[in-house]
1. Does any residue in the stretch 154-179 that is open to solvent by 40 Å² or more (accessible area, probe 1.4 Å) and β-branched (Val, Ile, Thr) come within less than 8 Å, Cβ to Cβ, of a residue that is outside any helix (DSSP H, G or I) and at pLDDT 95 or above six or more places away or on a different chain, and which pairs are these?
2. Do we find that residue 183 is without any contact (Cβ under 8 Å) to a residue 40 or more places away in the chain and not in a helix (DSSP H, G or I) in this structure?
3. From the list 71, 82, which residue is within 19 Å of the chain's Cα centre (by Cα), polar (S, T, N, Q), open to solvent by less than 50 Å² (accessible area, probe 1.4 Å) and at pLDDT 95 or above?
4. Looking at the stretch 123-136, is at least one residue part of a helix (DSSP H, G or I), over 17 Å from the mean Cα position of the chain (by Cα), in contact (Cβ under 8 Å) with a residue 40 or more places away in the chain and buried (at least 16 other Cβ atoms within 10 Å of the Cβ)?
5. Considering only residues that are hydrophobic (A, V, I, L, M, F, W, C), buried (at least 20 other Cβ atoms within 10 Å of the Cβ) and without any contact (Cβ under 8 Å) to a residue 60 or more places away in the chain, which ones fall in the stretch 31-48?
6. Starting from the stretch 90-114, keep only residues that are free of Cβ contacts under 8 Å to residues at least 60 places away in the same chain and more than 15 Å from residue 131 (Cβ to Cβ), then list their pairs with residues that are part of a loop (DSSP other than H, G, I, E, B) and of a type in the set (Gly, Ala, Ser) whose Cβ atoms are within a distance under 8 Å, requiring at least 6 positions of separation or different chains.
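The values are calculated or read from the model by the stated rules, or taken from the named source; none is laboratory data. All figures in this text were calculated on a predicted structure; none of them were measured in a lab. All Cβ positions, glycine included, derive from the backbone under ideal geometry; neighbour counts span all protein chains shown. For accessibility, only protein heavy atoms count, side chains too; no ligands or nucleic acids. Shrake-Rupley method; radii C 1.70, N 1.55, O 1.52, S 1.80 Å.
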Amino acid sequence: SVDRQADATRAEERAARAIDCDRENALALATYGHIRSFAFCDIDTGSIYLERARDACPNSAIAWMLSSMTSIYFGDTDAALSFAMHAKRLSPLDPNLFYVYHCISLAHYCQGDYEEAVRWAKRSEAENKYFTSNLRGLIASLVATEQMNEANLVAERLMQIQPTFNLKNYRANLPICDEELRDKIYRELRSAGIPD
């Protein structure tokens, strides 16, 4: 995004308009909740809308998947794993399975189970090798498990896919609430060669 704030505001406005059209539409509710959590670091509002999405349609894999990511942001990794696994059971052949696997990987990473984080990140990568958020999680997990050669290779691939990526912007926009965890991710990405 050239203007992240403007894009986030437009996305929020459009999701809000979708809710105005149908206040019980799980996709609209989940999208709005995720935008509030991810783009505005408003975890409280995001969580409310994601819960409404799950209530509106308990069979919405997307609502459970996005709820998983917001749970990671505020540090409830048990809920994140539960939500992601539920999304996987609801839609085992979902085209967004790479995102579900990414949520599972990040939850394990946040719990300190780096081997499991690597395993699930590699499953996500097998589904979508261009999903840069997962590549960043995979790099951090590989560094945490002292697999530096592979971490460096994945970092090179990330920079080929996203050549303007830098840690300053990433860290400023990372919605994870735990400052120590944010610092840890920053250090691990940096040690693998991602530029400041």
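1. 161/130
2. Taking the combined requirement at face value, the residue does not satisfy it.
3. Exactly one of 71, 82 is within 19 Å of the chain's Cα centre (by Cα), polar (S, T, N, Q), open to solvent by less than 50 Å² (accessible area, probe 1.4 Å) and at pLDDT 95 or above, namely 71.
4. no
5. 35
6. Taking only residues 6 or more apart or on different chains, the pairs are 90/60.
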